[in-house]
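Structure first, then comments.
The values are calculated or read from the model by the stated rules, or taken from the named source; none is laboratory data. Note that the structure is a prediction, hence the values are computed from the model and not measured. All Cβ positions, glycine included, derive from the backbone under ideal geometry; neighbour counts span all protein chains shown. Ligands, DNA and RNA are stripped out before the accessible areas are found, and what is left, the full protein with its side chains, is counted by its heavy atoms. Shrake-Rupley method; radii C 1.70, N 1.55, O 1.52, S 1.80 Å.
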Amino acid sequence: MDHTSINSRKYLILIPAIAALIIALIPTLKYQWPLGWDIIYHVQYAQVYAHNGFTLINPLLNAPVGQKIGYPPLFHFLIAAMGTGLGIDFFQVARLLQPLLAMAIVLSVSYVAYKLYGEIAGIGAGFLMLSSMLVERMILALPENLALIFIPLAVYLYYRSIQDKKLKMAILGGLLFILVIGTHQAATLCLGLTIITITLMELVVYRDFKVLGNFVSFFLLLMGIVIAGVVALQIFAPELLQTIMQQGISALTGMSTSLDYSRSLGIYSYLGNIGALVLIFSVIGAVFALKNHRRKDNLILVWIMVMIILSNAYLLGVNVITYRVLIYLLIPLSILGGYGIKISCCKIKEYQESGKYPRFSSPNIRAGFLVVILAISMLSAVLTVTDPDIAVYSAKNEFGKVQIAPPSDSEVDLANWFRENGNQSRSVVISNQFTGMFLATEAGMPLNYGFAHYALKNHTDTPLLRLKEINVGYLVYDKNLVLPAEDKDNPIYMRSINSEFFSLYYFSKNITQNFPQIKPDYATKVYENDDFIVCTIDY
């Protein structure tokens, strides 16, 4: 099979998407829980929407007040709709989504590469996505991965609107942008910056001022929704509109518009996560893209440039998690790499037709070249997803790592106990907030964040009447959270240790052996397993 015959078989761009489905099925079928820790609270949000309808407050967190959800709802609506419609557990919906999302992301990238550079580029781009170490992130059931399906298509539609001078294509791209807004904040930023940068390129490089019409058309639906929303708020809830105008959208939704911290990535980790095949063929593609200087080539190069700048924004004083941006960079790099694979096939054909290398005149050489690239990509993907570490997630602190996913047997037993015996009208305080998040999701127990105030013996800030007022009903202790070096000479004490997302509460001595010195007098121990102790509050 030579590359000309491939060009007559458009359906072949489905091959990398099917490969992604198979790759993602490996860990999906191997592990009973969906991969990652984030999915625990995303499933929780879906449950809140399923039980309460659309709301901005999650009543399971920060009881009794509740906590602003702070996340666009589209992904959670999807889980809730599928779980309710199919009558299956929401965690199992997340497992089902893992291979489907991975397949859709790869298909989206392959399709855009095919439309820009042909079938070989489309096939190559899809397999280059799989060759990257970032495939382990692509198979997670996350809002971000739902947004990644729309981003390449939105960028391509905007390009087509400019190329073909059809504003309706820009409007369709803007519709996808609205879906991204409803799914993930960082994806919204990445897509918005890409569209703005492409527009600036058109203005500066091509002096095409008509692109402003495309730009306005892309954001036309969004502007219409915003205007309609403002008018509706002015009529029905003017005080709410005033709050938003004064304090911003975060005051209403809890959505963060910036990061409180930054995490950079070393150059070797940076390149290692992207993958050697992606880098090699994207360089080949970049050389010919710069040489040809076509509009579509410049589009991809500008797209890559803005993602590289964003991933290194910490150098400009802007907080950014570099690793999280790499998946957005991988998309245009893979498209450019797919073009590089196509160029390589064309060069092989040219050498063959020149007659200088008669031993390499067989068309099987070109087919073999493609097969080797695709085989290496598949092998890399299989090695990535079969690594046992892919299923284990931990939070770091000064004493090492604490496993936060998947749920341990003790955590599952704890959740089962609360499901059978817990009173959901009363909240839980717990020393391990990661386990607490799982309890809230799996057992529906509200969480109160006052462990340091309510779970210690003879604490002056814990009158029983106060606990009754705020409905705190259970104290849960993680027996593993003990300081490495026990302080035997002093009375037992507790320390709050920052562990990335939450603070964990460590005790200075063995919890089981010293529990009478820890447990408040108003609490009664009612359950214990290998890792946890549960007490009820007597009132």
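Of 140, 116, 97, 107, all but one fail to be outside any loop (DSSP other than H, G, I, E, B), open to solvent by less than 30 Å² (accessible area, probe 1.4 Å) and more than 20 Å from residue 199 (Cβ to Cβ); the exception is 97. Here residue 41 clears all of (1) in a helix (DSSP H, G or I); (2) in contact (Cβ under 8 Å) with a residue 60 or more places away in the chain; (3) crowded, with 23+ Cβ neighbours inside 10 Å except the condition numbered (3). Kindly check whether there is at least one residue in the range 299-310 that is among the β-branched types (Val, Ile, Thr), modelled with pLDDT under 95 and open to solvent by less than 30 Å² (accessible area, probe 1.4 Å). Checked against the condition, which is being among the β-branched types (Val, Ile, Thr), modelled with pLDDT under 95 and open to solvent by less than 30 Å² (accessible area, probe 1.4 Å), the range 299-310 yields no hits at all. Of all the residues in the range 373-422, those that are part of a strand (DSSP E or B), touching a Ser or Thr at 6+ places or on another chain (Cβ under 8 Å), touching a residue at least 60 places away in the same chain (Cβ under 8 Å) and not β-branched (Val, Ile, Thr) number 3. Just one of the listed residues (153, 116) is under 27 Å from residue 38 (Cβ atoms) and touching a residue at least 40 places away in the same chain (Cβ under 8 Å), namely 153. Among the candidates 13, 23, the residue that is modelled with pLDDT under 95, crowded, with 21+ Cβ neighbours inside 10 Å and more than 28 Å from residue 425 (Cβ to Cβ) is uniquely 13.
Among the criteria (1) modelled with pLDDT of 95 or more; (2) open to solvent by less than 50 Å² (accessible area, probe 1.4 Å), the one residue 3 does not fulfil is (1).
Among helices (runs of 4 or more DSSP H) entirely within the range 423-539, having at least 2 residues that are open to solvent by less than 50 Å² (accessible area, probe 1.4 Å) and either touching a residue at least 12 places away in the same chain (Cβ under 8 Å) or farther than 30 Å from residue 35 by Cβ (or both) singles out 433-443, 451-454, 515-518. Might you let me know whether the range 84-94 holds any residue that is in contact with a Pro (Cβ under 9 Å, 6 or more places away or on another chain), closer than 20 Å to residue 501 by Cα, of a type outside the set (Val, Ile, Thr) and surrounded by 17 or more Cβ atoms within 10 Å (Cβ to Cβ)? So far as the range 84-94 goes, no, none of its residues is in contact with a Pro (Cβ under 9 Å, 6 or more places away or on another chain), closer than 20 Å to residue 501 by Cα, of a type outside the set (Val, Ile, Thr) and surrounded by 17 or more Cβ atoms within 10 Å (Cβ to Cβ). The residue of the range 252-271 that is modelled with the highest pLDDT, among those that are under 18 Å from residue 73 (Cβ atoms) and part of a helix (DSSP H, G or I), is 253. Answer yes if at least one residue in the range 447-454 is under 18 Å from residue 400 (Cα atoms) and either charged (D, E, K, R) or modelled with pLDDT of 85 or more (or both), and no otherwise. So far as the range 447-454 goes, no, none of its residues is under 18 Å from residue 400 (Cα atoms) and either charged (D, E, K, R) or modelled with pLDDT of 85 or more (or both).
The residue that is surrounded by the most Cβ atoms within 10 Å (Cβ to Cβ), among those in the range 324-372 that are modelled with pLDDT under 85, in a helix (DSSP H, G or I) and of a type in the set (Phe, Trp, Tyr), is 351. Pairs linking a residue in the range 173-200 that is in contact (Cβ under 8 Å) with a residue 40 or more places away in the chain and over 18 Å from residue 223 (Cβ atoms) to a residue that is open to solvent by 10 Å² or more (accessible area, probe 1.4 Å) and in a loop (DSSP other than H, G, I, E, B), with Cβ atoms under 7 Å and 6 or more positions apart or on different chains, are 185/255. Mind listing whichever residues of the range 514-525 are touching a helix residue (DSSP H, G or I) at 6+ places or on another chain (Cβ under 8 Å) and of a type outside the set (Phe, Trp, Tyr)? Of everything in the range 514-525, those that are touching a helix residue (DSSP H, G or I) at 6+ places or on another chain (Cβ under 8 Å) and of a type outside the set (Phe, Trp, Tyr) turn out to be 520, 525.
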